[in-house]
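Novice: Next up is a structure, given as structure tokens.
The values are calculated or read from the model by the stated rules, or taken from the named source; none is laboratory data. This is a predicted model, so every value here is computed, not measured. A quick note on method: Cβ atoms are made from the backbone with ideal geometry, for glycine too, and the neighbour counts reach across all protein chains shown. For the accessible areas, the whole protein counts, side chains as well, though only heavy atoms, and no ligand, DNA or RNA atoms are used. Shrake-Rupley method; radii C 1.70, N 1.55, O 1.52, S 1.80 Å.
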Amino acid sequence: MGRFLGRLHTSILARIAFFVLIGCFLGGGELQAAKKRAAITWDGGGDGVTFSQGLNWSDDAAPDNDVCTIDMVAAVVLTADITVDDLTMSKDASIDLKGFILTITDDLITSSADGAGTVNITDSVGGGEVKMTGTTSAITMAANDNSWSIYSLEISHAGTTTVDGGGDTLTVTNTLTLTAGTLTFSNDNNLAVNTTFTYTAGTFNHGTSALNTPASLALPAFTVPAASAMNLQGGASFTISFNGSTTLVGTLDLGGDTITVNCYGNLTLNAGYAINNQGSATFAMRGGGTTTIGGTDGSYTFQDLTINKTASGDTCNVEAGDTIAVTAGLIAQQGKFELAGATSCADLTIHATGSVDLKGQTLTISDDLISSSAAGAGDCVVSDTTGGGKVLMNGANALITFGATTNDISVVRLQCAIGANTLTVGSTSGQLLTVTDTFTLTSGTFVIANDVAMTVSTTFTWTAGTFQDGTTNGNNANTLSLPAFTIPAGATLSLFGVSPRTVDFNGNVTVVGTIDCNSVVAIPNFHGNWTLNTGYAINNQGSATFHMRGAGTTTIGGTDGSYTFQNLTINKTASTDTVNVEAGDTIVVTTLLTLTQGNFELGGATSCDDLTVTATGKLDLKGQTLTAVDDLTASNANGTGIIYVVDTTGGGKVSHTGSANSI
């Protein structure tokens with residue numbers, strides 16, 4: 001009997017224990033589930049500062065994965081790592097992490113209960129952070145100008161964290177860390193990271209469409225890692241500032257928007273990088289001192305690239321051997337842009353405060369070269385401190401245009417190779433294009449518009465094509481100044497414009513092709529020898545006058561042996577200087593031969609309609625016959641004196657043959 005009762009007692013106790021255990025399990029689970037869903041509010045009923053002290057919360061229990069709200073004046077501190085589901089704070093509340101980790105498994109929210117302002121999570125010790133771990137978490141800012149300022153923020157889960165609000169700002173004062181998942185900002189929200197952006201994996205999105213809404217993104221130095229993507233959208237009102245060195249190993253996608261990426265440090269583009277959907281996006285190299293575009297890839301493509309440094313003395317250079325292709329516009333706005341490899345662009349625009357240093361490289365322009373007046377007066381310069389570099393213009397119907405009368409263009413070496421197309425210099429009167437070293441024309445038609453000046457200082461290499469000075473027979477008041485050159489066979493020098501247009505050929509000129517004077521009053525000045533070889537032609541001379549100028553002795557001659565001019569003037573630097581004609585060569589001047597200053601020595605039979613000689617000019621027949629069909633005139637243009645026609649060889653004569661002539 002006792003043994004039976006013992007077994008019964010044991011059985012009853014076991015059953016009771018079982019049901020108690022089940023009840024505790026179920027009840028505890030329900031309590032725990034309820035605990036995770038609990039919405040608690042800070043009331044500061046404990047010490048008024050400690051986050052983990054239960055008496056400071058509305059349920060007098062320490063937060064444990066709860067939905068927490070602090071919407072009153074409170075300076076809360078962490079004394080240990082803690083995890084909550086949601087955390088909502090108003091501007092009157094703050095949290096000091098004190099070196100600990102605050103984990104948010106769902107949402108971080110600003111409240112507008114206390115009005116507009118910034119909600120602060122600081123760290124007076126350092127090393128603490130807010131860690132977002134929810135797979136679909138959010139950082140939300142109320143639409144009443146309530147922004148977040150967080151010491152350090154980590155996104156380290158495989159899901160998506162969305163930052164949303166009404167145009168407010170998330171500021172990370174120390175470190176933003178993205179190690180997994182996706183961090184997405186809505187179009188009208190701003191992000192500023194002040195110190196460090198650690199990006200090891202995941203996707204960074206700012207903006208979800210090309211809406212033109214004001215927003216800003218400011219990041220310190222960072223790297224987009226391999227297999228990761230930074231996607232930026234937002235339109236022209238989206239301000240992007242990369243305030244340190246930026247390295248791309250993964251992908252930067254610009255969404256096809258009209259946005260500007262401002263780079264204040266080096267831009268490093270390593271093997272495997274991609275910049276997708278550039279659309280009308282512009283990369284602007286900014287900041288002071290010297291910054292570099294380069295990387296291990298070696299070849300970099302931009303839609304638009306602007307050099308806009310802090311001061312004109314600052315520099316943006318390219319790593320040695322690296323090439324850059326700008327598919328639209330390259331702008332040297334402020335500071336110097338130094339090349340290191342072959343570089344190409346559609347348009348090159350230079351401001352007075354900007355410049356390009358070729359550094360021995362070729363810069364190919366497929367469309368226009370433009371000087372801008374936006375930065376005020378001053379020359380727009382392309383230099384070459386290394387030597388051997390050049391600007392190659394090869395586009396169809398390209399232009400060299402000027403912003404204003406105070407913005408001339410200076411290019412160290414310029415080559416025009418445009419096939420059967422035309423390149424026009426001009427659009428603004430009073431401008432000057434200077435080629436300080438070498439100008440090369442290899443194909444196409446190079447046109448200088450009326451009232452635009454051009455100077456080539458050292459070398460003019462002409463292998464094919466047409467060089468046209470002026471476009472109409474109107475008044476053309478500027479100067480064309482060229483060094484020695486040869487007009488090759490099949491090529492044409494076309495001269496338009498009337499006086500006071502000045503055309504100076506400052507070296508020896510050889511003509512194998514054609515000079516077309518377009519029946520205008522052109523006045524080319526030859527300061528060196530003039531060689532007219534077999535096949536040459538001087539067409540449509542009209543009232544054109546060819547002036548033989550310069551010091552010392554210069555020669556008219558060539559392999560053709562017979563040369564015809566409408567008007568020819570000898571006007572050397574001094575009366576003792578000489579122009580001679582090669583032995584045996586004949587000259588025909590169909591209208592007026594004028595000896596203004598210097599000696600003119602014949603080399604063969606010579607004829608003219610009229611001959612005018614001043615007191616500082618002298619004709620030496622050199623044993624040849626000069627036939628004057630019409631008038632012989634002694635001019636007092638250079639003062640009084642005896643007019644000399646001499647013959648230092650003997651046997652020469654002046655034959656006056658006209659039927660109604662005069663002396």
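Novice: Counting only residues that are of a type in the set (Phe, Trp, Tyr) and open to solvent by 10 Å² or more (accessible area, probe 1.4 Å), which one in the stretch 260-300 is farthest from the chain's Cα centre (by Cα)? I'd like the intermediate steps shown before the answer.
Specialist: Quick first cut of the stretch 260-300, residues of a type in the set (Phe, Trp, Tyr) only: 264, 273, 283, 300.
Right, trim to open to solvent by 10 Å² or more (accessible area, probe 1.4 Å) and you get 264, 273.
Details: Tyr264: 15, Tyr273: 21 Å.
Residue satisfying both the conditions and the ranking: Tyr273.
Novice: Quick one: Asp560 ticks every box in (1) farther than 29 Å from Asn518 by Cα; (2) modelled with pLDDT under 95; (3) open to solvent by 40 Å² or more (accessible area, probe 1.4 Å) except a single one, so which number is it?
Specialist: Failed condition: (1).
Novice: Another question, then. Considering only residues of the stretch 301-314 that are open to solvent by 20 Å² or more (accessible area, probe 1.4 Å) and in contact (Cβ under 8 Å) with a residue 24 or more places away in the chain, which is nearest to Thr251 (Cα to Cα)? First the steps, then the outcome.
Specialist: Residues of the stretch 301-314 open to solvent by 20 Å² or more (accessible area, probe 1.4 Å): 301, 303-304, 308, 310-314.
In the following step, the residues that additionally are in contact (Cβ under 8 Å) with a residue 24 or more places away in the chain were identified as 301, 303-304, 308, 310-312, 314.
Working: Thr301: 13, Gln303: 16, Asp304: 18, Asn308: 24, Thr310: 28, Ala311: 31, Ser312: 32, Asp314: 29 Å.
Here the answer is Thr301.
Novice: Residue by residue through the stretch 242-285, note down the ones that are polar (S, T, N, Q) and under 25 Å from Asp347 (Cα atoms). Let's see the steps before the verdict.
Specialist: Let us first name the residues in the stretch 242-285 that are polar (S, T, N, Q), namely 243, 245-247, 251, 258, 260, 262, 266, 268, 270, 276-278, 280, 282.
Thr258, Thr260, Asn262, Asn266, Thr268, Asn276, Asn277, Gln278, Ser280, Thr282, listed by residue number.
Novice: Also, I was wondering about something else. All but one of (1) surrounded by fewer than 19 Cβ atoms within 10 Å (Cβ to Cβ); (2) modelled with pLDDT of 95 or more hold for Val589, so report the exception by its number.
Specialist: Result: Val589 passes all but (1).
Novice: Same structure, new question: For the stretch 153-171, which residues satisfy the criterion of being open to solvent by less than 10 Å² (accessible area, probe 1.4 Å) and either in contact with an Asp or Glu (Cβ under 8 Å, 6 or more places away or on another chain) or without any contact (Cβ under 8 Å) to a residue 24 or more places away in the chain (or both)?
Specialist: If the condition is that a residue be open to solvent by less than 10 Å² (accessible area, probe 1.4 Å) and either in contact with an Asp or Glu (Cβ under 8 Å, 6 or more places away or on another chain) or without any contact (Cβ under 8 Å) to a residue 24 or more places away in the chain (or both), then Leu153, Asp168 are the ones that fit.
Novice: Right, here's the next one. If I filter the stretch 244-264 down to residues being assigned to a loop (DSSP other than H, G, I, E, B) and hydrophobic (A, V, I, L, M, F, W, C), which single residue comes out as farthest from Ala218 (Cα to Cα)?
Specialist: Filtering the stretch 244-264 for residues assigned to a loop (DSSP other than H, G, I, E, B) gives 244-245, 249-250, 254-259, 264.
When the remaining residues are screened for being hydrophobic (A, V, I, L, M, F, W, C), the result is 249, 254, 259.
Values: Val249: 20, Leu254: 16, Ile259: 14 Å.
Applying the filter and picking the extreme gives Val249.
Novice: Return the total of residues in the stretch 158-183 being under 17 Å from Pro225 (Cα atoms) and in contact with a Gly (Cβ under 9 Å, 6 or more places away or on another chain).
Specialist: So the count comes out to 7.
Novice: Right, another one. On the given criteria, is Ala340 open to solvent by 30 Å² or more (accessible area, probe 1.4 Å) and in a loop (DSSP other than H, G, I, E, B)? Steps first, answer last, please.
Specialist: Values: open to solvent by 30 Å² or more (accessible area, probe 1.4 Å): no; in a loop (DSSP other than H, G, I, E, B): yes.
So Ala340 does not fit the description; no.
Novice: From the list Leu432, Leu482, Leu414, which residue is among the aliphatic types (A, V, I, L, M), at pLDDT 90 or above and more than 26 Å from Phe337 (Cβ to Cβ)?
Specialist: Numbers: Leu432 fails: more than 26 Å from Phe337 (Cβ to Cβ); Leu414 fails: more than 26 Å from Phe337 (Cβ to Cβ).
Step by step, each of Leu432, Leu482, Leu414 is checked, and only Leu482 is among the aliphatic types (A, V, I, L, M), at pLDDT 90 or above and more than 26 Å from Phe337 (Cβ to Cβ).
Novice: Another question about this same structure. Can you tell me how many residues within the stretch 512-552 are of a type in the set (A, V, I, L, M, F, W, C), open to solvent by 10 Å² or more (accessible area, probe 1.4 Å) and part of a strand (DSSP E or B)?
Specialist: So the answer is 2.
Novice: Looking at (1) open to solvent by 70 Å² or more (accessible area, probe 1.4 Å); (2) modelled with pLDDT under 95; (3) over 60 Å from the mean Cα position of the chain (by Cα), can you tell me which one Thr648 breaks?
Specialist: For Thr648, the exception is condition (2).
Novice: Return yes or no: is Gly256 modelled with pLDDT under 95 and open to solvent by 40 Å² or more (accessible area, probe 1.4 Å)? Full working, then the answer.
Specialist: On the way: modelled with pLDDT under 95: yes; open to solvent by 40 Å² or more (accessible area, probe 1.4 Å): yes.
Yes.
Novice: On the basis of being in a loop (DSSP other than H, G, I, E, B) and either at pLDDT 95 or above or closer than 23 Å to Phe460 by Cα (or both), does Thr385 make the cut? It would help to see each step written out before you state the result.
Specialist: Working: in a loop (DSSP other than H, G, I, E, B): yes; either at pLDDT 95 or above or closer than 23 Å to Phe460 by Cα (or both): yes.
So Thr385 fits the description; yes.
Novice: Quick test for you: out of Ser245, Ser228, pick the one residue that is small (Gly, Ala, Ser), open to solvent by 10 Å² or more (accessible area, probe 1.4 Å) and touching a residue at least 12 places away in the same chain (Cβ under 8 Å).
Specialist: Values: Ser228 fails: open to solvent by 10 Å² or more (accessible area, probe 1.4 Å).
Within the list Ser245, Ser228, the selection yields Ser245.
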